[in-house]
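No value in this document is a laboratory result; all are computed from the given coordinates. Not measured: the values here are computed from a predicted model. Backbone-built Cβ (ideal geometry, glycine too); neighbour counts: all protein chains shown.
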Amino acid sequence: MSRVSTKTVVVVGVFVAILLAGFVSFYASGSPDGLNKVAIDEGFAYTEEEHGAADGPLAGYETDGVANGRLSGGLAGVVGSVVVLAIAGGVVYAVRRKHTADTS
């Protein structure tokens with residue numbers, strides 16, 4: 001059996017993450033998540049406050065300026081995934097580079 005390269009695994013993983021964020025996320029439940037549900041059931045949902053990023057371009061899992069709800073949500077998912085993957089990749093690159101420099 002042949003081995004799969006790390007690069008192939010990373011590329012396929014990034015592709016799957018973006019695919020899930022862009023297309024499958026549209027089918028996610030619109031019901032409140034666990035914490036929101038408990039807050040509603042227990043009667044303290046009224047204490048909720050708006051957070052600092054509520055006016056951001058991707059707030060509410062939607063993209064500002066995109067009228068189509070499906071496209072707006074998918075685009076927000078893709079942008080969010082790319083940002084997180086870029087940050088994680090940068091951290092991995094920095095740690096790996098430092099580790100390589102320490103051993104040589």
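Tabulated data
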item: Contour minus Cα-Cα distance for VAL24 and VAL84 (0.36 nm per residue); result: 19.8 nm
item: Net charge of neighbours whose Cβ lies under 15 Å from the Cβ of ASP55, counting Lys and Arg as +1 and Asp and Glu as -1; result: -4
item: For peptides 60-67, 15-22, sequence by mean Cβ density within 10 Å, most packed first; result: 15-22, 60-67
item: Surrounding net charge for GLY77, when Lys and Arg each add one and Asp and Glu each subtract one, Cβ distance under 12 Å; result: 0
item: Estimated 222 nm signal from helices in the chain, with DSSP H stretches of n ≥ 4 weighted -39500 (n - 2.57), rounded to 500; result: -20000 deg cm²/dmol
item: Point-to-point label distance, GLU42-ASN68, nm (Cα→Cβ direction, 7 Å offset); result: 4.1 nm
item: Distance from the range 13-46 to the range 66-101 (C-alpha centre basis), Å; result: 19 Å
item: Modelled FRET efficiency - R0 25 Å, ARG96 with SER2, Cβ distances, 0.05 increments; result: 0.50
item: Exposure proxy ranking, count of Cβ atoms within 10 Å, fewest first, for SER31, SER72; result: SER31, SER72
item: Under 5 Å, built H, 5+ apart or other chain: amide partners of THR63; result: GLY73, ALA76
item: Fully extended contour minus Cα-Cα distance, from LEU35 to PHE15, at 0.36 nm per residue; result: 4.1 nm
